[in-house]
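Shown next, in C-alpha coordinates, is the structure this report addresses.
The values are calculated or read from the model by the stated rules, or taken from the named source; none is laboratory data. Values in this document were obtained by computation on a predicted structure and should not be read as measured data. Note that we place each Cβ from the backbone using ideal geometry, even for glycine, and neighbour counts take in every protein chain shown.
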Amino acid sequence: MNSIITIIIILVIILTFEIETRVALLIPKPVCDVIDDFGAVGDNKTDDTVAIQSALKTCLKVIFRAHHTFLLRPVEIISNRHLQIDGNLAAWRDIATWPNSTNKKCSESDYTANETILVPQKEALLYGIPPLNNVIISGNGIIDGQGWRWWPLKNNTSHGNYWHNCRPQLLYLGVKSITKYGAVENVDISGVTFKDSPFWTIAGRGLNEIKFHNVKVITTGCGYDESPNTDGFNLQGENIIVEHSFVRNGDDCVPIFPPSRNVFVHNVTCTCGNPPVAVIWPASNHAGPSGGGAHGRFFAGDIDNVTFDEITLQNTSSGLAIKSLSPFIGIARNIHFTNLNLKDVRIGIAINFFQQGNVDYVSNIGDMHTNVINENHPTRIVGASASSVLIENVTGTVTLNPGHIKCMGPQPCNGIQMVNVRLEGSTSTGYSCMNVHGTYKNSSPVPCF
(Lines give C-alpha, C1' and ligand atoms only; values in the text may rest on other atoms or scores of the structure.)
Protein backbone atom coordinates (compact mmCIF):
# COMPACT_ATOMS: atom_id res chain seq x y z
CA MET A 1 0.00 0.00 0.00
CA ASN A 2 2.81 2.36 0.93
CA SER A 3 4.55 1.64 -2.37
CA ILE A 4 1.39 2.55 -4.30
CA ILE A 5 1.11 5.85 -2.40
CA THR A 6 4.77 6.54 -3.09
CA ILE A 7 4.30 5.89 -6.81
CA ILE A 8 1.26 8.19 -6.88
CA ILE A 9 3.19 10.95 -5.11
CA ILE A 10 6.08 10.60 -7.59
CA LEU A 11 3.68 10.76 -10.56
CA VAL A 12 1.99 13.86 -9.14
CA ILE A 13 5.39 15.54 -8.67
CA ILE A 14 6.44 14.69 -12.23
CA LEU A 15 3.12 15.86 -13.68
CA THR A 16 3.27 19.09 -11.67
CA PHE A 17 6.81 19.72 -12.89
CA GLU A 18 5.78 19.16 -16.51
CA ILE A 19 2.81 21.50 -16.19
CA GLU A 20 4.92 24.21 -14.56
CA THR A 21 7.58 23.81 -17.25
CA ARG A 22 5.06 24.11 -20.07
CA VAL A 23 3.39 27.12 -18.47
CA ALA A 24 6.80 28.76 -18.02
CA LEU A 25 7.51 28.24 -21.71
CA LEU A 26 4.21 29.87 -22.63
CA ILE A 27 4.74 32.98 -20.47
CA PRO A 28 7.21 35.39 -22.09
CA LYS A 29 10.15 36.57 -20.03
CA PRO A 30 9.98 40.29 -19.26
CA VAL A 31 13.48 41.26 -20.50
CA CYS A 32 16.22 39.44 -22.44
CA ASP A 33 19.66 40.32 -23.72
CA VAL A 34 20.28 38.59 -27.07
CA ILE A 35 23.93 37.97 -26.17
CA ASP A 36 23.67 36.81 -22.55
CA ASP A 37 20.40 34.92 -22.83
CA PHE A 38 20.42 33.52 -26.37
CA GLY A 39 24.05 33.32 -27.45
CA ALA A 40 24.07 35.97 -30.17
CA VAL A 41 27.60 37.09 -30.98
CA GLY A 42 27.22 40.54 -32.53
CA ASP A 43 30.58 40.49 -34.33
CA ASN A 44 29.21 41.32 -37.83
CA LYS A 45 30.47 37.91 -38.99
CA THR A 46 28.35 35.33 -37.22
CA ASP A 47 24.78 34.71 -38.41
CA ASP A 48 22.70 35.70 -35.35
CA THR A 49 19.30 35.10 -36.95
CA VAL A 50 18.32 32.02 -34.94
CA ALA A 51 19.33 33.57 -31.62
CA ILE A 52 17.44 36.78 -32.27
CA GLN A 53 14.30 35.07 -33.58
CA SER A 54 14.30 32.90 -30.45
CA ALA A 55 14.61 36.01 -28.28
CA LEU A 56 11.67 37.68 -30.02
CA LYS A 57 9.51 34.60 -29.50
CA THR A 58 10.49 34.26 -25.84
CA CYS A 59 10.83 37.77 -24.39
CA LEU A 60 8.64 40.85 -24.09
CA LYS A 61 11.60 43.23 -24.29
CA VAL A 62 14.64 42.29 -26.36
CA ILE A 63 17.87 44.23 -25.88
CA PHE A 64 20.45 44.62 -28.65
CA ARG A 65 23.57 45.92 -26.93
CA ALA A 66 25.53 48.93 -28.11
CA HIS A 67 28.96 48.40 -29.71
CA HIS A 68 27.82 45.18 -31.40
CA THR A 69 26.66 44.46 -34.95
CA PHE A 70 24.22 41.57 -35.33
CA LEU A 71 24.25 39.96 -38.77
CA LEU A 72 20.72 38.93 -39.75
CA ARG A 73 18.56 37.20 -42.28
CA PRO A 74 14.85 38.17 -42.09
CA VAL A 75 13.25 37.88 -38.63
CA GLU A 76 9.60 38.17 -37.63
CA ILE A 77 8.35 40.72 -35.11
CA ILE A 78 5.36 39.50 -33.11
CA SER A 79 2.77 41.31 -30.99
CA ASN A 80 3.46 42.73 -27.54
CA ARG A 81 7.18 43.15 -28.06
CA HIS A 82 9.70 45.92 -27.40
CA LEU A 83 12.93 45.92 -29.43
CA GLN A 84 15.54 48.09 -27.71
CA ILE A 85 18.12 48.56 -30.48
CA ASP A 86 21.25 50.28 -29.20
CA GLY A 87 23.64 48.23 -31.33
CA ASN A 88 23.48 47.69 -35.08
CA LEU A 89 21.49 45.18 -37.11
CA ALA A 90 23.12 44.38 -40.47
CA ALA A 91 21.40 42.56 -43.33
CA TRP A 92 22.78 39.25 -44.58
CA ARG A 93 25.20 39.98 -47.42
CA ASP A 94 24.48 37.14 -49.85
CA ILE A 95 21.70 38.19 -52.23
CA ALA A 96 21.52 34.72 -53.78
CA THR A 97 20.41 33.13 -50.49
CA TRP A 98 18.04 35.89 -49.38
CA PRO A 99 14.66 34.19 -48.73
CA ASN A 100 11.35 34.96 -50.41
CA SER A 101 8.35 36.06 -48.38
CA THR A 102 5.62 33.50 -47.78
CA ASN A 103 2.85 36.13 -47.63
CA LYS A 104 3.83 39.08 -49.83
CA LYS A 105 3.74 39.22 -53.63
CA CYS A 106 5.28 41.62 -56.10
CA SER A 107 4.82 42.12 -59.82
CA GLU A 108 7.16 41.26 -62.64
CA SER A 109 4.90 43.37 -64.84
CA ASP A 110 4.86 47.08 -65.48
CA TYR A 111 2.62 49.06 -63.10
CA THR A 112 -0.15 49.41 -65.68
CA ALA A 113 0.39 46.27 -67.75
CA ASN A 114 -2.67 44.51 -69.20
CA GLU A 115 -1.74 41.40 -67.24
CA THR A 116 -0.24 41.38 -63.76
CA ILE A 117 2.29 38.60 -63.13
CA LEU A 118 2.77 38.10 -59.39
CA VAL A 119 5.74 36.35 -57.79
CA PRO A 120 7.01 36.13 -54.17
CA GLN A 121 8.60 39.31 -52.83
CA LYS A 122 11.99 39.09 -51.16
CA GLU A 123 11.24 39.13 -47.43
CA ALA A 124 11.89 42.28 -45.39
CA LEU A 125 14.74 42.24 -42.88
CA LEU A 126 12.23 42.91 -40.08
CA TYR A 127 8.61 41.98 -40.77
CA GLY A 128 5.36 41.64 -38.86
CA ILE A 129 2.34 39.63 -40.02
CA PRO A 130 -1.18 40.78 -39.10
CA PRO A 131 -2.87 40.73 -36.72
CA LEU A 132 0.03 42.64 -35.16
CA ASN A 133 -0.29 45.00 -32.20
CA ASN A 134 1.53 46.66 -29.32
CA VAL A 135 5.04 46.86 -30.75
CA ILE A 136 7.78 49.29 -29.71
CA ILE A 137 11.07 49.75 -31.53
CA SER A 138 13.40 52.22 -29.84
CA GLY A 139 17.07 52.98 -29.23
CA ASN A 140 20.05 54.72 -30.76
CA GLY A 141 21.18 51.92 -33.05
CA ILE A 142 21.30 51.46 -36.81
CA ILE A 143 19.41 48.98 -38.97
CA ASP A 144 21.61 48.59 -42.06
CA GLY A 145 20.09 46.98 -45.14
CA GLN A 146 23.32 46.90 -47.17
CA GLY A 147 21.20 48.29 -49.99
CA TRP A 148 24.11 49.25 -52.19
CA ARG A 149 24.52 45.53 -52.92
CA TRP A 150 20.97 45.47 -54.33
CA TRP A 151 20.49 48.82 -56.07
CA PRO A 152 22.36 47.93 -59.30
CA LEU A 153 19.91 45.05 -59.83
CA LYS A 154 17.14 47.56 -60.52
CA ASN A 155 18.45 47.87 -64.08
CA ASN A 156 18.44 44.09 -64.62
CA THR A 157 15.41 43.46 -66.86
CA SER A 158 16.06 39.79 -67.57
CA HIS A 159 12.98 38.99 -65.45
CA GLY A 160 10.84 41.95 -66.46
CA ASN A 161 10.37 44.35 -63.54
CA TYR A 162 11.26 41.78 -60.89
CA TRP A 163 14.33 43.58 -59.59
CA HIS A 164 12.51 46.90 -59.84
CA ASN A 165 9.60 45.79 -57.64
CA CYS A 166 10.72 42.79 -55.58
CA ARG A 167 13.79 43.79 -53.58
CA PRO A 168 13.41 43.51 -49.78
CA GLN A 169 12.39 46.32 -47.45
CA LEU A 170 14.09 47.07 -44.13
CA LEU A 171 10.88 47.07 -42.05
CA TYR A 172 7.47 45.87 -43.26
CA LEU A 173 4.46 45.98 -40.95
CA GLY A 174 1.55 43.99 -42.38
CA VAL A 175 1.07 42.56 -45.86
CA LYS A 176 0.17 44.30 -49.12
CA SER A 177 -3.08 42.42 -49.59
CA ILE A 178 -4.58 43.44 -46.20
CA THR A 179 -5.42 47.16 -46.14
CA LYS A 180 -8.21 47.03 -43.55
CA TYR A 181 -7.50 49.57 -40.80
CA GLY A 182 -6.26 47.92 -37.63
CA ALA A 183 -4.53 44.92 -39.17
CA VAL A 184 -1.44 46.47 -37.57
CA GLU A 185 -2.19 48.53 -34.46
CA ASN A 186 -0.47 50.47 -31.68
CA VAL A 187 3.12 50.66 -32.92
CA ASP A 188 5.67 53.21 -31.69
CA ILE A 189 9.06 53.57 -33.40
CA SER A 190 11.63 56.11 -32.21
CA GLY A 191 15.31 56.97 -32.16
CA VAL A 192 16.53 54.30 -34.56
CA THR A 193 18.37 54.99 -37.85
CA PHE A 194 17.33 52.98 -40.91
CA LYS A 195 20.22 52.88 -43.37
CA ASP A 196 20.58 51.80 -47.01
CA SER A 197 17.41 49.82 -47.56
CA PRO A 198 17.46 47.65 -50.71
CA PHE A 199 13.94 48.89 -51.53
CA TRP A 200 11.33 50.82 -49.47
CA THR A 201 12.79 51.60 -46.07
CA ILE A 202 9.78 51.51 -43.73
CA ALA A 203 6.48 50.20 -45.08
CA GLY A 204 3.13 49.43 -43.49
CA ARG A 205 -0.33 48.36 -44.63
CA GLY A 206 -3.60 48.29 -42.69
CA LEU A 207 -2.17 50.58 -40.00
CA ASN A 208 -3.99 52.19 -37.07
CA GLU A 209 -2.56 54.26 -34.22
CA ILE A 210 1.01 54.23 -35.47
CA LYS A 211 3.68 56.73 -34.44
CA PHE A 212 7.16 57.34 -35.84
CA HIS A 213 9.23 60.00 -34.10
CA ASN A 214 12.88 60.99 -34.07
CA VAL A 215 13.61 58.43 -36.78
CA LYS A 216 16.35 58.79 -39.40
CA VAL A 217 16.21 57.26 -42.86
CA ILE A 218 19.45 57.59 -44.78
CA THR A 219 21.03 56.19 -47.93
CA THR A 220 24.64 56.53 -49.01
CA GLY A 221 23.32 57.23 -52.51
CA CYS A 222 21.57 60.55 -53.14
CA GLY A 223 18.56 60.48 -55.45
CA TYR A 224 16.85 57.84 -57.58
CA ASP A 225 19.79 57.08 -59.85
CA GLU A 226 22.02 56.20 -56.90
CA SER A 227 19.52 54.58 -54.48
CA PRO A 228 16.35 53.68 -56.42
CA ASN A 229 12.95 53.03 -54.81
CA THR A 230 14.19 53.73 -51.29
CA ASP A 231 10.99 55.37 -50.00
CA GLY A 232 11.30 56.68 -46.45
CA PHE A 233 7.93 56.00 -44.79
CA ASN A 234 5.69 54.14 -47.26
CA LEU A 235 2.41 53.96 -45.35
CA GLN A 236 -1.28 53.09 -45.67
CA GLY A 237 -3.82 53.28 -42.87
CA GLU A 238 -5.40 55.68 -40.39
CA ASN A 239 -4.36 57.68 -37.34
CA ILE A 240 -0.70 57.80 -38.31
CA ILE A 241 1.90 60.29 -37.04
CA VAL A 242 5.37 60.85 -38.50
CA GLU A 243 7.26 63.64 -36.74
CA HIS A 244 10.67 65.06 -35.84
CA SER A 245 12.38 62.84 -38.39
CA PHE A 246 14.96 63.06 -41.18
CA VAL A 247 14.99 61.39 -44.60
CA ARG A 248 17.81 61.31 -47.14
CA ASN A 249 16.95 58.82 -49.86
CA GLY A 250 16.32 58.11 -53.52
CA ASP A 251 12.53 58.20 -53.80
CA ASP A 252 9.46 59.47 -51.94
CA CYS A 253 10.08 60.91 -48.48
CA VAL A 254 6.72 60.10 -46.87
CA PRO A 255 4.30 58.59 -49.43
CA ILE A 256 0.76 57.97 -48.18
CA PHE A 257 -1.15 55.29 -50.11
CA PRO A 258 -4.91 54.66 -50.26
CA PRO A 259 -7.07 53.89 -48.48
CA SER A 260 -5.77 56.26 -45.80
CA ARG A 261 -7.18 58.91 -43.50
CA ASN A 262 -6.15 61.05 -40.55
CA VAL A 263 -2.40 61.24 -41.17
CA PHE A 264 -0.16 63.92 -39.64
CA VAL A 265 3.41 64.44 -40.89
CA HIS A 266 5.18 67.15 -38.89
CA ASN A 267 8.68 68.59 -38.62
CA VAL A 268 10.34 66.31 -41.15
CA THR A 269 13.37 67.09 -43.32
CA CYS A 270 13.52 65.50 -46.78
CA THR A 271 16.65 65.58 -48.94
CA CYS A 272 17.82 64.08 -52.25
CA GLY A 273 14.65 62.19 -53.23
CA ASN A 274 11.03 63.27 -53.62
CA PRO A 275 8.83 65.22 -51.18
CA PRO A 276 6.08 63.89 -48.92
CA VAL A 277 3.23 62.93 -51.21
CA ALA A 278 -0.34 61.65 -51.38
CA VAL A 279 -0.23 58.81 -53.91
CA ILE A 280 -3.31 57.58 -55.73
CA TRP A 281 -1.78 54.19 -56.36
CA PRO A 282 -2.73 50.65 -55.30
CA ALA A 283 -1.31 49.83 -51.88
CA SER A 284 -0.12 46.54 -53.34
CA ASN A 285 2.13 48.57 -55.72
CA HIS A 286 0.56 46.88 -58.74
CA ALA A 287 -2.74 46.75 -60.59
CA GLY A 288 -5.24 44.12 -59.52
CA PRO A 289 -5.53 40.71 -61.17
CA SER A 290 -6.58 40.65 -64.79
CA GLY A 291 -10.36 40.84 -65.00
CA GLY A 292 -10.54 42.96 -61.87
CA GLY A 293 -13.08 42.98 -59.10
CA ALA A 294 -16.07 45.15 -58.27
CA HIS A 295 -14.11 48.36 -58.82
CA GLY A 296 -11.93 47.24 -61.72
CA ARG A 297 -8.28 46.24 -61.63
CA PHE A 298 -6.97 49.83 -61.57
CA PHE A 299 -8.93 50.92 -58.51
CA ALA A 300 -6.60 52.37 -55.85
CA GLY A 301 -8.89 54.02 -53.29
CA ASP A 302 -9.16 57.39 -51.57
CA ILE A 303 -6.95 59.42 -49.25
CA ASP A 304 -8.62 61.82 -46.80
CA ASN A 305 -7.44 64.30 -44.18
CA VAL A 306 -3.66 64.30 -44.50
CA THR A 307 -1.48 67.15 -43.22
CA PHE A 308 2.16 67.78 -44.11
CA ASP A 309 3.32 70.56 -41.77
CA GLU A 310 6.68 72.21 -41.08
CA ILE A 311 8.54 70.26 -43.74
CA THR A 312 12.01 71.21 -44.95
CA LEU A 313 12.84 70.16 -48.52
CA GLN A 314 16.40 70.33 -49.83
CA ASN A 315 17.52 69.30 -53.33
CA THR A 316 14.39 67.20 -53.82
CA SER A 317 12.55 66.67 -57.11
CA SER A 318 9.75 68.98 -55.94
CA GLY A 319 8.52 70.80 -52.87
CA LEU A 320 5.17 69.03 -52.55
CA ALA A 321 3.26 66.52 -54.63
CA ILE A 322 0.06 64.61 -55.23
CA LYS A 323 0.55 61.98 -57.91
CA SER A 324 -0.80 59.01 -59.80
CA LEU A 325 -0.70 57.29 -63.17
CA SER A 326 -3.58 57.81 -65.56
CA PRO A 327 -5.26 54.36 -65.22
CA PHE A 328 -5.48 54.43 -61.42
CA ILE A 329 -8.73 55.44 -59.71
CA GLY A 330 -9.13 57.41 -56.49
CA ILE A 331 -9.47 60.81 -54.85
CA ALA A 332 -7.08 62.74 -52.60
CA ARG A 333 -9.19 65.12 -50.52
CA ASN A 334 -8.55 67.43 -47.58
CA ILE A 335 -4.79 67.42 -48.14
CA HIS A 336 -2.89 70.22 -46.37
CA PHE A 337 0.66 71.33 -47.16
CA THR A 338 1.53 74.03 -44.60
CA ASN A 339 4.69 75.82 -43.50
CA LEU A 340 7.10 74.33 -46.03
CA ASN A 341 10.66 75.59 -46.55
CA LEU A 342 12.11 74.79 -49.99
CA LYS A 343 15.86 74.88 -50.59
CA ASP A 344 16.87 74.45 -54.24
CA VAL A 345 14.16 71.97 -55.09
CA ARG A 346 13.69 71.25 -58.80
CA ILE A 347 9.94 71.98 -59.07
CA GLY A 348 7.89 73.86 -56.50
CA ILE A 349 4.47 72.20 -56.79
CA ALA A 350 3.95 68.92 -58.63
CA ILE A 351 0.33 67.75 -58.73
CA ASN A 352 0.00 65.42 -61.68
CA PHE A 353 -2.31 62.49 -62.33
CA PHE A 354 -0.68 61.40 -65.56
CA GLN A 355 2.99 60.83 -64.77
CA GLN A 356 3.55 60.61 -61.00
CA GLY A 357 3.94 64.34 -60.50
CA ASN A 358 7.70 64.62 -60.86
CA VAL A 359 7.73 66.13 -64.35
CA ASP A 360 5.44 68.42 -66.33
CA TYR A 361 4.18 65.71 -68.66
CA VAL A 362 0.92 64.25 -69.93
CA SER A 363 1.22 60.68 -71.13
CA ASN A 364 -1.74 60.73 -73.52
CA ILE A 365 -3.32 63.96 -74.69
CA GLY A 366 -6.57 62.09 -75.23
CA ASP A 367 -6.80 61.44 -71.50
CA MET A 368 -7.38 65.14 -70.94
CA HIS A 369 -10.72 65.28 -72.68
CA THR A 370 -12.15 61.79 -73.06
CA ASN A 371 -14.82 60.71 -70.60
CA VAL A 372 -13.87 57.15 -69.76
CA ILE A 373 -16.40 55.23 -67.70
CA ASN A 374 -15.62 52.33 -65.37
CA GLU A 375 -17.69 49.45 -66.75
CA ASN A 376 -18.11 47.89 -63.29
CA HIS A 377 -19.02 51.24 -61.70
CA PRO A 378 -20.84 53.25 -64.40
CA THR A 379 -21.47 56.19 -62.03
CA ARG A 380 -17.76 56.68 -61.37
CA ILE A 381 -15.32 58.22 -63.82
CA VAL A 382 -12.10 56.35 -64.30
CA GLY A 383 -9.12 58.31 -63.09
CA ALA A 384 -7.55 60.07 -60.13
CA SER A 385 -8.11 63.56 -58.83
CA ALA A 386 -7.78 65.91 -55.85
CA SER A 387 -10.17 68.18 -54.01
CA SER A 388 -9.92 70.56 -51.03
CA VAL A 389 -6.15 70.94 -51.15
CA LEU A 390 -4.61 73.72 -49.03
CA ILE A 391 -1.10 74.96 -49.87
CA GLU A 392 -0.18 77.62 -47.32
CA ASN A 393 2.99 79.37 -46.16
CA VAL A 394 5.32 77.74 -48.68
CA THR A 395 8.52 79.64 -49.38
CA GLY A 396 11.94 78.98 -50.88
CA THR A 397 13.91 78.47 -54.08
CA VAL A 398 13.31 76.33 -57.16
CA THR A 399 15.83 75.41 -59.85
CA LEU A 400 13.56 74.46 -62.79
CA ASN A 401 10.10 76.03 -62.47
CA PRO A 402 7.47 76.89 -59.85
CA GLY A 403 5.37 73.88 -60.74
CA HIS A 404 2.27 72.46 -62.35
CA ILE A 405 -1.18 71.15 -61.50
CA LYS A 406 -2.31 68.70 -64.20
CA CYS A 407 -5.67 67.02 -63.70
CA MET A 408 -7.96 64.96 -65.91
CA GLY A 409 -10.74 66.59 -67.92
CA PRO A 410 -13.44 64.13 -66.81
CA GLN A 411 -12.34 64.50 -63.19
CA PRO A 412 -10.83 67.98 -62.64
CA CYS A 413 -9.18 69.10 -59.43
CA ASN A 414 -11.41 71.36 -57.32
CA GLY A 415 -10.98 73.51 -54.24
CA ILE A 416 -7.24 74.14 -54.60
CA GLN A 417 -6.18 76.98 -52.27
CA MET A 418 -2.79 78.67 -52.40
CA VAL A 419 -2.09 81.15 -49.60
CA ASN A 420 1.26 82.87 -49.05
CA VAL A 421 3.08 80.68 -51.54
CA ARG A 422 6.17 82.67 -52.53
CA LEU A 423 8.84 80.99 -54.62
CA GLU A 424 12.10 82.40 -55.94
CA GLY A 425 14.76 81.25 -58.38
CA SER A 426 13.71 79.80 -61.76
CA THR A 427 10.15 81.08 -61.72
CA SER A 428 9.97 83.12 -64.95
CA THR A 429 8.00 80.44 -66.83
CA GLY A 430 5.24 80.56 -64.23
CA TYR A 431 2.92 77.71 -63.29
CA SER A 432 1.33 75.28 -65.73
CA CYS A 433 -2.26 74.17 -65.11
CA MET A 434 -4.82 71.90 -66.69
CA ASN A 435 -8.36 71.10 -65.53
CA VAL A 436 -8.00 72.76 -62.13
CA HIS A 437 -10.21 75.16 -60.17
CA GLY A 438 -9.11 77.10 -57.11
CA THR A 439 -8.23 80.36 -55.39
CA TYR A 440 -5.03 82.09 -54.33
CA LYS A 441 -3.86 84.92 -52.07
CA ASN A 442 -0.49 86.63 -51.55
CA SER A 443 1.30 84.22 -53.86
CA SER A 444 4.19 84.76 -56.29
CA PRO A 445 4.39 83.83 -59.05
CA VAL A 446 0.66 84.11 -59.58
CA PRO A 447 -1.02 80.69 -59.98
CA CYS A 448 -2.63 79.79 -63.30
CA PHE A 449 -6.15 78.99 -62.14
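Contact map, the range 148-162: residues that are modelled with pLDDT of 90 or more paired with residues that are among the charged types (D, E, K, R) and surrounded by fewer than 14 Cβ atoms within 10 Å (Cβ to Cβ), Cβ distance under 8 Å, separation 6+ or inter-chain. Pairs shown: Arg149/Arg93.
Taken as a whole, the structure places Val421 among residues that are buried (at least 16 other Cβ atoms within 10 Å of the Cβ), β-branched (Val, Ile, Thr) and either in contact with a strand residue (DSSP E or B) (Cβ under 7 Å, 6 or more places away or on another chain) or not in a strand (DSSP E or B) (or both). In this structure, is Asn267 within 20 Å of Gly319 (Cβ to Cβ), modelled with pLDDT of 95 or more, surrounded by fewer than 24 Cβ atoms within 10 Å (Cβ to Cβ) and among the polar types (S, T, N, Q)? Yes, satisfied.
For the range 143-156, check the following and say yes or no: at least one residue is part of a strand (DSSP E or B) and among the β-branched types (Val, Ile, Thr). Within the range 143-156, one or more residues are part of a strand (DSSP E or B) and among the β-branched types (Val, Ile, Thr).
The sole residue among Ile210, Ile240, Ile256 that is under 15 Å from the mean Cα position of the chain (by Cα), surrounded by fewer than 24 Cβ atoms within 10 Å (Cβ to Cβ) and of a type in the set (Val, Ile, Thr) is Ile210. Within the range 169-188, the presence of at least one residue that is at positive phi, surrounded by fewer than 22 Cβ atoms within 10 Å (Cβ to Cβ), at pLDDT 95 or above and not basic (Lys, Arg) is confirmed. Residues of the range 189-239 being small (Gly, Ala, Ser) and on the phi > 0 side of the Ramachandran plot, which ones? If the condition is that a residue be small (Gly, Ala, Ser) and on the phi > 0 side of the Ramachandran plot, then Gly191, Gly206, Gly223, Gly237 are the ones that fit.
Within the range 15-65, the set of residues being at pLDDT 95 or above and part of a helix (DSSP H, G or I) comprises Thr49, Val50, Ala51, Ile52, Gln53, Ser54, Ala55, Leu56, Lys57, Thr58.
Within the range 110-137, track down each residue that is polar (S, T, N, Q) and crowded, with 19+ Cβ neighbours inside 10 Å. Residues satisfying the conditions are Thr116, Gln121. Considering the range 333-388, and only residues there that are in a loop (DSSP other than H, G, I, E, B) and within 19 Å of Asp252 (Cα to Cα), the residue that is modelled with the lowest pLDDT turns out to be Tyr361. Number of residues in the range 428-449 that are free of Cβ contacts under 8 Å to residues at least 60 places away in the same chain and not in a strand (DSSP E or B) equals 10.
Okay, residues lined up against (1) assigned to a strand (DSSP E or B); (2) surrounded by 20 or more Cβ atoms within 10 Å (Cβ to Cβ); (3) aromatic (Phe, Trp, Tyr); (4) in contact (Cβ under 8 Å) with a residue 60 or more places away in the chain:
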{"residue": "His67", "(1), (2), (3), (4)": "no, no, no, no"}
{"residue": "Leu71", "(1), (2), (3), (4)": "yes, yes, no, no"}
{"residue": "Ser79", "(1), (2), (3), (4)": "no, no, no, no"}
{"residue": "His82", "(1), (2), (3), (4)": "yes, no, no, no"}
{"residue": "Leu89", "(1), (2), (3), (4)": "yes, yes, no, no"}
{"residue": "Arg93", "(1), (2), (3), (4)": "no, no, no, no"}
{"residue": "Ala96", "(1), (2), (3), (4)": "no, no, no, no"}
{"residue": "Thr102", "(1), (2), (3), (4)": "yes, no, no, no"}
{"residue": "Cys106", "(1), (2), (3), (4)": "yes, yes, no, yes"}
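Ser284 meets the conditions (1) surrounded by fewer than 19 Cβ atoms within 10 Å (Cβ to Cβ); (2) modelled with pLDDT under 95; (3) polar (S, T, N, Q) in every case but one. The failed one is (1).
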